[in-house]
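*Asks:* The structure's right below; bear with me while I get my questions together.
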Amino acid sequence: MGPLEKRNKWIIQKAKEIIERKGLTGYLEMEPIPNKFKYRPRLYRDKATKMAHFTVLMWEVNKLSDEECLQELERLIDAARDHFFPSLSL
């Protein structure tokens, strides 16, 4: 496994931890977009499972330092929460 794959796994794990800490497990999931050939809207809801998803362009967050990456994940998760669950927004 190369350094990029390790970094991507770290980012995915951190996103799961933030989602869990915010009490959104089972309601919100991150959809990592590994390359420019895969497309998903930034925010969408799976019609079958009703699960809310937000996308993360991995090549963009991989450029950031660890601290900046965590801040960006927090921002994206908060934006998704505000979009899908406005009554939970602070």
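*Asks:* What list of ³J(HN,Hα) values in whole Hz, one per residue of the range 62-70 in order, does the Karplus curve 6.51 cos²θ - 1.76 cosθ + 1.60 (θ = phi - 60°) give from phi, with Gly and Pro shown as x?
*Replies:* Residue by residue, the range 62-70 yields 5, 6, 7, 5, 4, 5, 5, 4, 5 Hz.
*Asks:* Let me ask something additional. Output ³J(HN,Hα) for the range 54-60: one whole-Hz value per residue in order, computed from phi by the Karplus curve 6.51 cos²θ - 1.76 cosθ + 1.60 with θ = phi - 60°, and x for Gly and Pro.
*Replies:* 10, 9, 10, 7, 4, 5, 7
*Asks:* Could you check the spin-label model distance between Tyr44 and Asp78? Points 7 Å from the Cα along Cα→Cβ, value in nm.
*Replies:* Label at Tyr44, label at Asp78, 2.7 nm between them.
*Asks:* Turning to a different aspect of this structure: When DSSP beta bridges are limited to those with both residues in the chain, what percentage is antiparallel, rounded to the nearest 5? Present the calculation step by step, with values, prior to reporting the outcome.
*Replies:* Details: 3 of 9 bridges.
In the chain, DSSP labels about 35 percent of beta bridges as antiparallel.
*Asks:* Taking Cα pairs under 8 Å and at least six residues apart, what relative contact order does the chain come out at, in percent?
*Replies:* So the answer I get is 25 percent.
*Asks:* Still on this structure, I have one more. Once amide H atoms are placed 1.01 Å from N in the peptide plane, what residues at a sequence separation of 5 or more from Val56, or on another chain, have their amide H within under 5 Å of its amide H?
*Replies:* Glu31, Ile33
*Asks:* What dipole magnitude, in Debye to the nearest 20, does the range 3-85 give about its Cα centre under +1 on Lys/Arg Cβ and -1 on Asp/Glu Cβ?
*Replies:* Values: 17 positive and 14 negative charges, 78 e Å.
Dipole of the range 3-85, to the nearest 20 debye: 380 debye.
*Asks:* In square nanometres, what is one fourth of the surface area of the convex hull spanned by the alpha carbons of the chain? Display every interim value, and only then the final one.
*Replies:* Values: hull surface 25.2 nm².
If I average the Cα hull's projected area over directions, I get 6.3 nm².
Computed from the coordinates by the stated procedures, all read-outs in this text should not be read as laboratory data. Since the structure is predicted, the reported quantities are computational estimates derived from the model, not experimental observations. We place every Cβ from the backbone using ideal geometry, glycine too, and count neighbours over all the protein chains shown.
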